[in-house]
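Report on the structure given below.
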Amino acid sequence: MLHVTCAIIVNNNKVLICQRSATMKLPLKWEFPGGKIEPGESKEDCLRREIREELGIDIAVGEPLTPVEHHYPTFTICLYPFVCVLESMELQVTEHAQAIWEEAAALLSYDWAEADVPIVNEYLSKLING
Ligand SMILES: Nc1nc2c([nH]c(=O)n2[C@H]2C[C@H](O)[C@@H](COP(=O)(O)OP(=O)(O)OP(=O)(O)O)O2)c(=O)[nH]1
């Protein structure tokens, strides 16, 4: 099983969402940026490292949401989501097809990686219900 962190990065009431490139696994699916936890690394350190590598920005890692275990046809992941805050502005998209700031209300209209769907739903229900 792959252990993967992902960041729901919030800034000005928008969330940063990323589209996987055509050559990655799960091509062109939308996801929250992040990646595999390395041996000996904390989830929070993993997220800060991955976000710096993939997007060139710094984040403050905040509240964890519920981890999601998902079985894709050829691999299984456990995805650990955290709500994060943007700490530096200049985005440099190095691995994804695109990265965009999106309103919460529009998140459900994207073609998400399947493991992300429960995370999007939990984030939205927290926004509505506090
Ligand atoms: N970063 C990230 N990965 C996700 C999400 N949802 C989801 O199913 N995944 C999957 C896609 C990948 O198979 C894996 C994350 O690994 P990664 O980002 O470090 O790896 P990768 O796709 O660049 O490359 P690889 O698996 O081919 O080595 O988890 C998500 O929201 N964020």
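Only the coordinates and a few stated rules stand behind these numbers; no lab work does. Everything quoted here is computed from the prediction, not taken from an experiment. Quick reminder, even Gly has a Cβ in these numbers, built from the backbone with ideal geometry, and neighbours come from all protein chains shown.
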Once both label points are put 7 Å beyond Cα along the C-beta direction, the LEU26-VAL117 separation in nm becomes 1.2
Do you know the relative contact order of the chain, to the nearest whole percent, from alpha carbon pairs under 8 angstrom that are 6+ apart?
-> 33
Karplus couplings for segment 34-51 from phi (6.51 cos²θ - 1.76 cosθ + 1.60, θ = phi - 60°), rounded to Hz, Gly and Pro as x?
-> x, x, 6, 6, 8, x, x, 9, 6, 4, 5, 5, 4, 5, 4, 5, 4, 5
What Rg and what Dmax come out for the chain when only alpha-carbon atoms are used, in angstroms?
-> 13.5, 38
Sorted by average packing, counted as other Cβ atoms within 10 angstrom per residue and highest first, what order do 121-127, 86-92 take?
-> 121-127, 86-92
Please work out the C-alpha center-to-center distance from segment 104-130 to segment 38-87 and express it in whole Å.
-> 16
Assuming R0 = 35 Å, what is the FRET efficiency of GLU53 and LEU127, from their Cβ-Cβ distance, to the nearest 0.05?
-> 0.80
In debye to the nearest 20, the charge dipole size for the chain, taken about the Cα centre with +1 at each Lys and Arg Cβ and -1 at each Asp and Glu Cβ, equals 160
Could you list the residues of segment 29-53 with an amide nitrogen less than 20 Å from a label point located 7 Å from the Cα of THR94 in the Cα-to-C-beta direction?
-> 31-39, 41-53
